[in-house]
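Novice: Okay, handing you the structure first.
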Amino acid sequence: MAQQSEPYRRITDWSLEGRRRLIEEHGDEIRFLLDESFTTFAECYPLGAFGFRETDDPVTDAVEFAVRRFAEGDIEPGKIAGPPTLRLFTQVRFWLGQKVGSGAFHEIMRRLSRRGHPDQVDALEHPPADTDSAEQAAVIESFVADLGTTLGGLRRRTCADLVGFWLHASEKFRARVFGWEEAGTLSRLAQERSAKERSLHEHDALFRFLALHYQYVPDADESPASRALVASMFASCPNLPPRYSIDDSVVAQRLRDPAISNARAAGRYRKQGLRTLLDACLGRIEARDDAPMERLSHVLGLISLGLTTLHAYRIEDDMLKARLQALPRPPAEIAR
Amino acid sequence: MSSRIPDLATLDDMILGDIEHDDPRHAEEAWQALVRTPGGVEAWEKALARRKRIDRIAALTRAHPWLAGVMLVLRRAGRRMKRAPLFAPTAVYPPVPALDAILDQTDDVARPHVQLAWGRIVELAVPMGEVVALEYPIDVEATIYYQSAQGEGRMRPGHHWRMEAGEAPVLLVLTIGGGGAGDLSAALSRAEACAGVVLVVAEP
């Protein structure tokens, strides 16, 4: 699998002198990255709300603020998320936070967002269908919290493309649970793939999300199979198809585990770990629990697993196949 | 209970995987909003496309720093535009033969193309050896400039650009009202409108 080359220069010297030198040497590049990022932001939200001039050229005003702040301000690399590279100059939220403070940033964005996000569809226009009781509403809220936590975990432990595939694959289910009309349009990411590729990626995303949601992803220290599985499929990975995971050869190098000495061993243990995880998730779905939260998780399980899950991971296992075929079909209105 | 899709800047930090580090409380709200609100799929996809685009451009400007400088000048010139022209030029390959274009006898085969945006720079991946044209209404007086690591200049009217080995990236800029300036910098300082396209080599 091809590795992405790093698009951003590293910032190696964070002293005031080092930062000023960086701007002297790479000022055009830095300003261009800031300009591109602020321009995109300003197409949706007024920079004037953050104190930049509304007349004249607020984008240039914002760019020069960021450059001055970097050159003169108290910026500690340890407090910055992400790699210490020029990518920092593409992160508008960071610079607007430097301008007004992160608390004020959120307040301003809340105020601006009431005017409407470009992609916003007001959830209140379609009130939830079956939540006329406080208890049901509480279950839904709890489920939202769980899904949100898991989605953040999926991003941290894989990559952004998989989050997109999960959002698309689960849209019917979420629309039904939360009571809105799903758009039903094919996402751009999905359009770039053949139908078969899309289906494989979506099943991959659904399975990894489900495993995280059920909290069945093993601790890496349990066994070689757990270590290989986690290091490959539940670790932040390059946003690169087709596998969206860490290469077996890289896993073997990183783990320095005598049992996982090469790519072949890593691949074998990874598949073993996958089978165990799939078995656990199937077990949870098969042992259906009728408590309200569990019912929602159960239905999530039904839409998340299928024979395509096995195809996505090239697993040939008659027992797993039989169990997947035996699962009840999800309700028609949320079936994919 | 209402919820709103996270804003563009927050979505970008979610895509980058940075949001929990900076702001754990708002991170929780943002992920929940993405899950429960209609429009989340499209919002995420658009944010992802924006992030991938700026990463691509960053890689280009890192490898070719001269590109950053001229693109910055074009962006600032674009913001000085009082009004964008009503048409948008198109970068396309291969070009339609001139007579066919005049007689409106273009064939129906879709040619790879990208529409330029006034005051902005777009990208177009072109296979080696292909000829690229910037198409715009025949009655418009425009000047096209080129710039690459090898040099810069003004293209002769009707001239097209052939992608040759070792040249990419190549910046083509269409200006209106530049007064026929000899070089791109002078043209951008005087142009009433400008739009650019960066040509990169398409992967086989």
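Novice: Which one of the conditions (1) of a type in the set (D, E, K, R); (2) facing another protein chain (nearest Cβ under 7 Å); (3) open to solvent by 50 Å² or more (accessible area, probe 1.4 Å) does B:Lys82 fail to meet, given that it meets all the rest?
Specialist: Of (1) of a type in the set (D, E, K, R); (2) facing another protein chain (nearest Cβ under 7 Å); (3) open to solvent by 50 Å² or more (accessible area, probe 1.4 Å), only one is false for B:Lys82: (2).
Novice: Same structure, new question: One residue is enough: does the range B:61-74 have a residue meeting the conditions closer than 16 Å to A:Asn239 by Cβ, in a helix (DSSP H, G or I), more than 7 Å from chain A (Cβ to nearest Cβ) and touching a residue at least 60 places away in the same chain (Cβ under 8 Å)?
Specialist: no
Novice: Give me the helices (runs of 4 or more DSSP H) completely within the range A:282-336, filtered to those with at least 3 residues that are within 20 Å of A:Lys172 (Cβ to Cβ), touching a Phe, Trp or Tyr at 6+ places or on another chain (Cβ under 7 Å) and open to solvent by less than 30 Å² (accessible area, probe 1.4 Å), ordered by residue number.
Specialist: Output list reads A:292-304.
Novice: Any residue that is in contact (Cβ under 8 Å) with a residue 40 or more places away in the chain and open to solvent by 60 Å² or more (accessible area, probe 1.4 Å) - is there at least one of those in the range B:159-181?
Specialist: For the range B:159-181, residues in contact (Cβ under 8 Å) with a residue 40 or more places away in the chain and open to solvent by 60 Å² or more (accessible area, probe 1.4 Å): present.
Novice: Being assigned to a loop (DSSP other than H, G, I, E, B) and more than 10 Å from every other protein chain (Cβ to nearest Cβ) is the filter; apply it to the range A:87-117 and report the residue that is modelled with the highest pLDDT.
Specialist: Filtering first and then ranking leaves A:Gly101.
Novice: When the residues of the range A:136-184 are narrowed to those that are within 9 Å of another protein chain (Cβ to nearest Cβ) and part of a loop (DSSP other than H, G, I, E, B), which ends up surrounded by the fewest Cβ atoms within 10 Å (Cβ to Cβ)?
Specialist: My answer is A:Glu181.
Novice: Oh, and also: For residues that are of a type in the set (A, V, I, L, M), in contact (Cβ under 8 Å) with a residue 12 or more places away in the chain and more than 7 Å from chain A (Cβ to nearest Cβ), scanning just the range B:1-36, find the one that is surrounded by the most Cβ atoms within 10 Å (Cβ to Cβ).
Specialist: Among them, the one singled out is B:Leu11.
Novice: Does any residue of the range A:239-252 turn out to be closer than 29 Å to A:Ser142 by Cβ, in contact (Cβ under 8 Å) with a residue 24 or more places away in the chain and open to solvent by 20 Å² or more (accessible area, probe 1.4 Å)?
Specialist: For the range A:239-252, residues closer than 29 Å to A:Ser142 by Cβ, in contact (Cβ under 8 Å) with a residue 24 or more places away in the chain and open to solvent by 20 Å² or more (accessible area, probe 1.4 Å): absent.
Novice: Of all the residues that make up the range B:37-56, how many are open to solvent by 30 Å² or more (accessible area, probe 1.4 Å) and either farther than 27 Å from A:Phe178 by Cα or among the acidic types (Asp, Glu) (or both)?
Specialist: 6
Novice: Tell me, which residue of the range B:143-158 that is free of Cβ contacts under 8 Å to residues at least 24 places away in the same chain and in a strand (DSSP E or B) is least open to solvent (accessible area, probe 1.4 Å)?
Specialist: B:Ser148
Novice: Separate question: Tally up the residues in the range A:17-38 that are basic (Lys, Arg) and open to solvent by less than 30 Å² (accessible area, probe 1.4 Å), please.
Specialist: Just the residues of the range A:17-38 that are basic (Lys, Arg), to begin with: A:19-21, A:31.
So of that shortlist, the ones also open to solvent by less than 30 Å² (accessible area, probe 1.4 Å) come out as A:19.
The total comes to 1.
Novice: Of everything in the range A:39-81, what is within 12 Å of another protein chain (Cβ to nearest Cβ), in a loop (DSSP other than H, G, I, E, B), open to solvent by 10 Å² or more (accessible area, probe 1.4 Å) and touching a residue at least 24 places away in the same chain (Cβ under 8 Å)? Give them in sequence order.
Specialist: A:Cys44
Novice: Let me ask something else. Cβ-Cβ below 8 Å, separation at least six or inter-chain, first residue in the range B:118-142 and more than 21 Å from B:Ala187 (Cα to Cα) and part of a loop (DSSP other than H, G, I, E, B), second open to solvent by 40 Å² or more (accessible area, probe 1.4 Å) and among the basic types (Lys, Arg): which pairs?
Specialist: Note: pairs meeting the criteria are B:Gly129/B:Arg162; B:Glu130/B:Arg162.
Novice: Please work out if A:Pro84 is within 13 Å of another protein chain (Cβ to nearest Cβ), open to solvent by 10 Å² or more (accessible area, probe 1.4 Å) and closer than 23 Å to B:Gly17 by Cα.
Specialist: Numbers: within 13 Å of another protein chain (Cβ to nearest Cβ): yes; open to solvent by 10 Å² or more (accessible area, probe 1.4 Å): yes; closer than 23 Å to B:Gly17 by Cα: yes.
Yes: the conditions hold for A:Pro84.
Novice: Restricting to the range B:172-192, give me the number of residues that are under 13 Å from B:Val70 (Cα atoms) and touching a Gly at 6+ places or on another chain (Cβ under 6 Å).
Specialist: Of the residues in the range B:172-192, 2 are under 13 Å from B:Val70 (Cα atoms) and touching a Gly at 6+ places or on another chain (Cβ under 6 Å).
The values are calculated or read from the model by the stated rules, or taken from the named source; none is laboratory data. Not measured: the values here are computed from a predicted model. A quick note on method: Cβ atoms are made from the backbone with ideal geometry, for glycine too, and the neighbour counts reach across all protein chains shown. In case anyone asks, the SASA skips ligands and DNA or RNA and just uses the protein heavy atoms, side chains included. Shrake-Rupley method; radii C 1.70, N 1.55, O 1.52, S 1.80 Å.
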